[in-house]
Amino acid sequence: MTVRLLESTITASGPLGKRGQKRQERPKIEKNAGEGDQFAMNDSDSANATDHQIERVVIVGGGTAGWMAGAVLSRFLNNGRRQIHLVESDAIGTIGVGEATIPPILGFNALLDLDENEFLRETQGTIKLGIEFVNWGRPGDRYIHPFGSYGQDLHGIPFHQLWLREHGLGNPGPIADYCMSATAAANGRFGRPSRDSRPPLAEMLYAFHFDASLYARYLRTRAERQGLHRHEGRIVQVHRDGESGDVTAVELESGERIAGDLFIDCSGFRALLIGETLGVGYEDWSHWLPVDRAIPVPTTNIASPDPFTRATAHTAGWQWRIPLQHRTGNGHVYCSEFMGDEEAERILMANLEGEPFADRRVIRFTTGRRKQSWSHNVVCLGLSSGFLEPLESTSIHLVQNGIQRLLALFPDRKISPLERDEYNRGMKDLYEDIRDFIILHYKATQRDDTPFWRHVRDMAIPETLERKIGLWKLHGRVFREGAELFGTVSWIAVMLGQNIWPDHHDPIVDTLDEVKVAQAMADMRRRYREAAVALPTQEAFLRAAGAWAAGDVRPQAAAR
Ligand SMILES: Cc1cc2nc3c(=O)[nH]c(=O)nc-3n(C[C@H](O)[C@H](O)[C@H](O)COP(=O)(O)OP(=O)(O)OC[C@H]3O[C@@H](n4cnc5c(N)ncnc54)[C@H](O)[C@@H]3O)c2cc1C
């Protein structure tokens, strides 16, 4: 059995591919001839297994990262001979936030063969078509960073270049008017594209919002059904091999010892194995991403949920709003150097739409990444591997990517440094690409109303990001490098949305007839609008699809 890691993007095309364009890629499993629907190794694989194979994988932690890993590894690696164990502590609990995702999660769901309607129902989930940013460029500004693509290229010339010229000549409207996901979001609507869908509906690209604790519970049920062994209890000691330094077992308060060949550290910010035990250091990026605290609070819904996340900038940070079926997730992310906890809470409470119904707590974090994601026989996933603040909802994707990368490089018991280094290189690149994209949101501001915004506007930024902004400013060009997660649409959305305009459009556009291009663009814009308003509201869609959880709990607070 070969598990192939395919790169995924949040903006290339619809999940089923734009007609005539490359399909949105999903993780693919190549089955050996004769394999059944369950891809787990069969008896003959097991019989061929040799002593050098890893037989026990131990996942430490049962938050989102732990259960995502548990669900996938128990599906693909559990062959009766190889066992997957997971340890979690009810007393310690989980972080319990992390509710917005990006489109590659469609690939993760496919990997687990999840029924999308069941998944939405079980997690009180909703559709996410992008993020609406409010007050970022200047107070009062509003734009959407949508999933999917902008318009149709003409004669191989990228659509945004046509739009840039047209913007200089006339009034083509916002670039978001040329994006299926953005127009559907603006109208509060959704339709799931099928393989038979035609453009522009075929260009709809989406992800999900969900309740993090329900998601973990849902994955746990699947993982246990697939044979995962769960252990409850606090780990009080970690045992290591005297010679190699590898981790050999974790010991619980009860005295139970859980031995393993490979350990997955999903223990959250504590980083029990990778940090505390192996001493792998942390690369601190707070000089570029200085927000370091968050106060989450759920509220009752006051209206049918919008199919997008909202990120509203405040005076020293920003506030998220994530609408679910049964409640709305909110939180204020801020920089403690510029704002105290009480003021942050006051701003949050003053900007809520529904009734808050849970105690407030302050979560502290340092943006950055673990210097190695894989050290000895320990691979870290989730918060133990780093944290990039939730502005672009990338943490769950980092977990997903780490799991898929691990499957693609799954080692023997004697771990090859080549495979380990490859894993570490890939994770480092992914973290750094996301880092640059998030920094862009702070750097590309014209706000000078508070010391925080003046600080981020004037701060030095990584050279990689300088280069990207510089190229854009000249002729509006954006190049996707390697396997970057965020593609051209994402960069264009944020730069235009935050008033970073190129000096000139690409001169190649001037080879096209102005009148014909204007007409083609007007037709495109009309088609996107017509397609969007013909769709049901997202709530009507979810209900009709059987994806709405039984028992409408709105507008009361759901019991948690
Ligand atoms: C404010 C905020 C907002 C976020 N928003 C988003 C978002 O919108 N989208 C997104 O993708 N991500 C988001 N994230 C990130 C997301 O929450 C995390 O990536 C995700 O929840 C993974 O957490 P985790 O499983 O690594 O850690 P945790 O949830 O902290 O789980 C750690 C686990 O380890 C166990 N454990 C720890 N120590 C021990 C021990 N000694 N013995 C036994 N068990 C132990 C705990 O019991 C727990 O089960 C957000 C994060 C924060 C802080």
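Amide H to amide H, which residues 5 or more places from Arg240 or on other chains are under 5 Å from it, using H placed in the peptide plane?
HN-HN under 5 Å from Arg240: Thr248.
Quick one: length gained pulling Arg425 to Asp113 fully straight, 0.36 nm per residue minus the C-alpha distance? Can you show the working numbers first?
Values: separation 312, 0.36 × 312 = 112.32 nm, distance 2.89 nm.
Roughly 109.4 nm would be gained on extension.
Given H placed on each backbone N at 1.01 Å, which residues far from Ile127 in sequence or on other chains put an amide H within less than 5 Å of it?
His209
Helix-only estimate, please: 222 nm mean residue ellipticity of the chain, summing -39500 (n - 2.57) across DSSP H runs of length 4 or more and dividing by its residues, to the nearest 500.
Mean residue ellipticity, 222 nm, calculated: -9500 deg cm²/dmol.
Roughly how tilted is helix 417-443, in degrees to the nearest 10 and between 0 and 90, from the longest Cα axis of the chain?
So the inclination is approximately 30 degrees.
Whose amide H sits under 5 Å from the amide H of Phe338, counting only residues 5 or more places off or on another chain, with H placed in the peptide plane?
Long-range HN contacts for Phe338: none found.
Note the per residue figure in Å³ for the convex hull of the C-alpha positions in region 262-351.
153
Taking neighbour counts of Cβ atoms within 10 Å as a proxy for exposure, in what order, fewest first, do Asp513, Asp177 appear?
If I rank by nearby Cβ atoms, fewest first, I get Asp513, Asp177.
Tally Lys and Arg at +1 and Asp and Glu at -1 over the other residues with C-beta under 9 Å from the C-beta of Pro307: what net charge comes out?
+1
When the Kirkwood radius is taken over all Cα pairs of the chain, what Stokes-Einstein diffusion coefficient follows at 20 °C and 1.002 mPa s, in µm²/s? Let's see the in-between values first.
Values: Rh = 24.6 Å.
Rounded to a whole number, D works out at 87 µm²/s.
Within the set of other residues whose C-beta is less than 11 Å from the C-beta of Arg293, count the net charge using Lys and Arg as +1 and Asp and Glu as -1.
Local charge sum for Arg293: -3.
If Lys and Arg each add +1 and Asp and Glu each add -1, what is the summed charge of the other residues whose beta carbon sits under 11 Å from the beta carbon of Gln372? Intermediate values should be presented prior to the final figure.
Values: positive: Arg369, Arg370, Lys371, Arg420, Arg425, Lys428; negative: Glu283, Asp421.
Its environment carries a net charge of +4.
Express the relative contact order of the chain as a whole percentage, based on alpha carbon pairs under 8 Å and six or more residues apart in sequence.
21
Each value in this text was obtained by applying a stated rule to the coordinates, not by laboratory testing. Keep in mind that this is a model prediction, so the values were computed, not measured. No Cβ is skipped: glycine too gets one built from the backbone with ideal geometry, and neighbour counts run over all protein chains shown.
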